[in-house]
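Q: My questions will all concern the structure given below.
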Amino acid sequence: MKTEPNVIEVENLTVAFGDFKAVDGISFYVKRGEIFGFLGANGAGKTTTIRCICGLLNPTSGTVLVDGKDVSSHTAVLKPRIGYMSQKFTLYPDLTVRENLLFAGSLYGLRRKDIKPRAEELMRFIGLSQHLNEPVKLLSGGVKQMVALAATLLHNPDLIFLDEPTAGTSPITRADFWRLIRTLAQNGKTVFVTTHYMDEAEYCGRIVLMERGRIIATGTPEELKKQFFPVPPVELVFTQPRQASVREDLQRLNLGTAENFSGGLRVRVTDMEGFKAYAQTREGVFTYRPVAPTLEDVFLKAVSGRNAQ
Amino acid sequence: MRVRPVTLKGFFKKEFTQILRDPKMLFAIFFIPLIQTVMFGLALTSEVKNVELAVLAKPNSRVARDIRARAQASGWFKISPVTQTADPTLLIESHRAEAVLIAPKEGFEKALERGNAPIQLLVNATNAQRAQQVNGYVQQIVAQVAAERGYALSPGLIQLDQRILFNHNLDTTSYMIPALMVMSTFIVLLVVCGMAIAKEKETGTMEKLIASPCTVEEIMLGKTLPYFVIGLVIVGLILFVGVAWFGIPFRGSLWLVAVNAGLFALSALAVALIISTVVSTQQQAMMGSMLYLLPGILLSGVFFPVANIPPLFRWMCYLNPMMYSVVNFRAVILKGGDTALFWSNCFWLTGICVVLCVLAYKNFKSTLN
């Protein structure tokens, strides 16, 4: 991975709408062939950043380079290489899948006779060939998203931007989607994906965490977990009926923050020695074991850490 | 500036498929103009009929008798039974007559002999347009009676309205349908094209267009040219119904009709584009179109002659692309065309089109970027 060149380089990118800074001086890079995850709550500035990289929005300040070329002055060269699946639904519901794909192809200057085999190949790739002649409005939500992905891939772009592709779809569709994303990356495509499902972020090669226009963490999922959890979180199971005082004690003694989960508490321990000492004083009330942190833990800790500042 | 035929073809195919598949759209585009044509052709004639006319003259006046008989026979008038001594103003105020023709003191006969006696006509002018027509009819009848009785009328006493010349029966259908070809088509193009662009914005599909390597010109042409074709079809449809069903005379050339139709369709689409740059939903596009259409139609000469509009507002008529095309269609279809007038109108229309298109292009480009 490390030997691959940077395909996207973002330097000090700022996008302001009036006084509001949607993106506030962020910098990051994306390597060729990687699955790059862009994480954050709604309104964190993910979509704005993508729109800048795709050349749909001019930055207020800062630079966005794709293959070393400035995006705002090379849009005509870069656009054919980019496949952008917007968060908004960009298919025409009254047209069939085939008609949508043909139109999407014509936008990229593809001829009908060239699109037809490509469209069929793509529909086989996403496993939905049987829907080719159905109007899009009759398809289920998940299938619609899949078709939107096909329309995005039609012109064979090498840079693929997926803005919350799995929002509101079933777990099965999400799994299918990620299977496809991995296949795309294996074929050398660079996939830039935003999501607010933290479990999905585990599939990404590298991740950027955004909050209110700023990057609050960046790295591989493993790096982030190590960085934010030198001490692993602890799952605490009550052996007696649940005791509310435990949670209060943890907070009072400043040992960590706890959340309820079935049968106990999940504690992001800040002071392991202190916690162990406390656990001894409550012997027989609960047992505990350290667990591997999830990206959700990372995100919550990163956000709460910033808010505490 | 780049326009790829493949992309334009893609847009044409898509727009037509969407229209043909949507019954509401088909209805709006083709049936509404048809219904308007039929309505204006059959029902909404502003032709004057059954006007209550009173003729005040000496009881034994033969001319007055002839005027009454001829007026009654024309079908335009009903004669109110009144006496010579009735107060003409009161007759009108009390709605017992809409028009009162008053013989001079010496009587119709003497006045006509002298050739220049004032024959007074009072008309209820609440409806100015109707009053003008009534005035025309009465003058016509008096002239006919005078001619029949062998009086030589001094020129200038009877003046016929200029507009009646090419529409001998004052047949409003012939007068309205050419104007309707402009009005209906303009409405449909403005609303449908404006909404089609707003729809791409509203549903988010515009994002896909902008993200693709499509140029601004391709998106603009792709979203308007299909409607240009539709506009020409509507013009043809109304003309066909007008000639085949309502029997309006078609004295001009089809190609002049096409030139005029092309020019005003272009101006309508430019206005639609301009509206679409300031709105973001279909509903707003609809409102924007209405905001333009209401004054646009009133100041186009479709219903009210431009000459009757006060100078304060008349200059707006000259900025209105509809006005030129209405005049041109009426001229080409009913008269066969006054070439000089036609081309001078086309000249101004082209000027307006160029300004509108440049504005539309600039606005569209800046909102897309």
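The values are calculated or read from the model by the stated rules, or taken from the named source; none is laboratory data. It should be emphasised that the depicted structure is a prediction, and the values quoted were computed from it without experimental measurement. All Cβ positions, glycine included, derive from the backbone under ideal geometry; neighbour counts span all protein chains shown.
Q: Would you confirm, using the coordinates I've provided, whether A:Lys144 is more than 8 Å from chain B (Cβ to nearest Cβ), touching a residue at least 24 places away in the same chain (Cβ under 8 Å) and among the basic types (Lys, Arg)?
A: Details: more than 8 Å from chain B (Cβ to nearest Cβ): yes; touching a residue at least 24 places away in the same chain (Cβ under 8 Å): yes; among the basic types (Lys, Arg): yes.
Yes: the conditions hold for A:Lys144.
Q: Further question on the same structure: Please find, within the stretch A:165-204, the residue that is farthest from A:Asn6 (Cα to Cα) out of those that are touching a Lys or Arg at 6+ places or on another chain (Cβ under 8 Å) and either touching a residue at least 40 places away in the same chain (Cβ under 8 Å) or outside the structural domain of A:Arg51 (by TED's automatic domain parsing) (or both).
A: A:Glu200
Q: Restricting to the stretch A:98-117, name every residue that is charged (D, E, K, R) and crowded, with 17+ Cβ neighbours inside 10 Å. I'd like the intermediate steps shown before the answer.
A: Residues of the stretch A:98-117 charged (D, E, K, R): A:98-99, A:111-114, A:116.
Within the stretch A:98-117, A:Arg98, A:Glu99 meet the criteria.
Q: Kindly list the number of the only condition in (1) within 14 Å of chain A (Cβ to nearest Cβ); (2) closer than 22 Å to A:Asp94 by Cα; (3) in contact (Cβ under 8 Å) with a residue 60 or more places away in the chain; (4) aliphatic (A, V, I, L, M) that fails for B:Ile29.
A: Here B:Ile29 clears every test but (1).
Q: Let me ask something additional. Of all residues in the stretch A:174-202, which are among the hydroxyl-bearing types (Ser, Thr, Tyr) and in contact with a Pro (Cβ under 9 Å, 6 or more places away or on another chain)?
A: Selection gives A:Thr194, A:Thr195.
Q: Okay, moving on. Which one is nearest to A:Arg214 (Cα to Cα) among residues in the stretch A:53-91 that are charged (D, E, K, R) and away from chain B (no Cβ under 12 Å)?
A: For the stretch A:53-91, the residue satisfying everything is A:Asp70.
Q: What is the number of the single condition among (1) aromatic (Phe, Trp, Tyr); (2) away from every other protein chain (no Cβ under 14 Å); (3) touching a Lys or Arg at 6+ places or on another chain (Cβ under 8 Å) that B:Phe77 does not meet?
A: Condition not satisfied by B:Phe77: (3).
Q: Could you grab me the full set of residues in the stretch B:1-24 that are charged (D, E, K, R) and out of contact with any helix residue (DSSP H, G or I) (no Cβ under 6 Å at 6 or more places or on another chain)?
A: B:Arg2, B:Arg4, B:Lys9, B:Lys13, B:Arg21, B:Asp22, B:Lys24
Q: Restricted to the stretch A:102-116, and to residues that are within 14 Å of B:Arg4 (Cβ to Cβ) and of a type in the set (Lys, Arg), which residue is farthest from the other protein chains (Cβ to nearest Cβ)?
A: Out of the qualifying residues, it is A:Arg112.
Q: Just one of the numbered conditions (1) under 30 Å from B:Arg130 (Cβ atoms); (2) in contact (Cβ under 8 Å) with a residue 60 or more places away in the chain; (3) surrounded by fewer than 22 Cβ atoms within 10 Å (Cβ to Cβ) is not true of B:Leu291; which one?
A: (2)
Q: Could we say that B:Leu269 is surrounded by fewer than 17 Cβ atoms within 10 Å (Cβ to Cβ), in contact (Cβ under 8 Å) with a residue 60 or more places away in the chain and at negative phi here?
A: For B:Leu269, the condition - surrounded by fewer than 17 Cβ atoms within 10 Å (Cβ to Cβ), in contact (Cβ under 8 Å) with a residue 60 or more places away in the chain and at negative phi - is not met.
Q: Regarding the stretch B:300-310, can at least one residue be identified that is surrounded by fewer than 14 Cβ atoms within 10 Å (Cβ to Cβ) and either among the acidic types (Asp, Glu) or modelled with pLDDT of 90 or more (or both)?
A: no
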